[in-house]
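In what follows, a structure is listed as structure tokens, so that the remarks can point back to it.
Values in this text are rule-based calculations from the coordinates and carry no lab data. Keep in mind that this is a model prediction, so the values were computed, not measured. Reconstructed Cβ throughout: ideal geometry from the backbone, glycine too, with neighbour counts over all protein chains shown.
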């Protein structure tokens, strides 16, 4: 997670494309701002999962104004359910990449409507885009979940970071889009031994996630397992086990045990979607995103 304070109040209404361009993940990474329809943001529809929108921003400042309040309201430890004004957000950064499904977006914008809370122009544009694309619907003065979801990356990240981050976020997109995959992830989580679920929860706690939200925990559990090819999964969690130990959290789980969970998810995805761990972008590449 980036600690640099980047949140700032927008000066003008952003020019955000009202309709997404269908593209592959590779095409999104390869298309630079010079080819965008606006100067600050481009909106894509993932070709493999058409109900998933992917927003590429010219920098963290634009992305923060659109998503940081959502991150704190839905995901951040100690802040879930709280609407923070711009003054409270000053100097805060959400994540380097974002993902929000229908339930989260509907909950956030319903809370905004109920309290007549003022939004930034970027958030207003996101609300309209979510409505027009069916990710949420209007309902009784608020909003109800639709289908699909929204992912975001930024040009403030390096090229290799963008590839890794988009890989991580793409698995959130599959979780939002595919009911069968989502159900499989939930069943796998419920089957874990206590030591393994405690390990993953400690992992997410250390990254600042609100682990009181069980769906958020399962969604992040699967994305961190799937963000790299299987051959890199054990080494990733070995590094993380060492990091937890430095904070005084001892793990009763050997990292090699966790690869079985990654393999189970991989074996579910591969025959259904044509790719597994590491996704369509990371064949032969190792690493981890700094979300």
What's the angle, to the nearest 10 degrees (0 to 90), between helix 60-74's Cα axis and the longest principal axis of the chain? 70 degrees
What order do you get for 172, 98 when you list them from fewest to most C-beta neighbours inside 10 Å? 172, 98
Checking rank on 187-194, 79-86, 214-221, with mean other Cβ inside 10 Å and highest first, the result is 214-221, 79-86, 187-194
Distance between modelled label sites at residue 270 and residue 195, nm, 7 Å Cα→Cβ extension: 2.7 nm
Using only the alpha-carbon atoms of region 178-273 as identical scatterers, what base-10 log of I(q)/I(0) does the Debye formula give at q = 0.10, 0.16, 0.17 Å⁻¹? -0.25, -0.64, -0.72
P(r) for the chain: what percent of alpha-carbon pairs falls in each 5 Å bin, starting at zero? 1, 5, 12, 17, 19, 18, 13, 8, 4, 1, 0
Quick check on packing: order 65-73, 201-209 by the mean number of other C-beta atoms within 10 Å, highest mean leading. 65-73, 201-209
By how many degrees, between 0 and 90 and to the nearest 10, does the Cα long axis of helix 214-226 differ from the longest principal axis of the chain? 70 degrees
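How much of the pair distance distribution for region 14-78 lies past 20 Å, counting alpha-carbon pairs only, in percent?
34 percent
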Gain on full stretching of the segment that runs from residue 86 to residue 139 - 0.36 nm per residue minus C-alpha separation: 16.4 nm
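Among 39-45, 118-124, 99-105, what's the highest-first ranking by average C-beta atoms within 10 angstrom per residue?
So the peptides 39-45, 118-124, 99-105, ranked by packing, come out 99-105, 39-45, 118-124.
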Between residue 183 and residue 27, with labels modelled 7 Å along Cα→Cβ, what's the label distance in nm to one decimal, could you check? 3.1 nm
For helix 102-115, report the angle its Cα long axis makes with the longest principal axis of the Cα atoms of the chain; keep it between 0 and 90° and round to the nearest 10°. 40 degrees
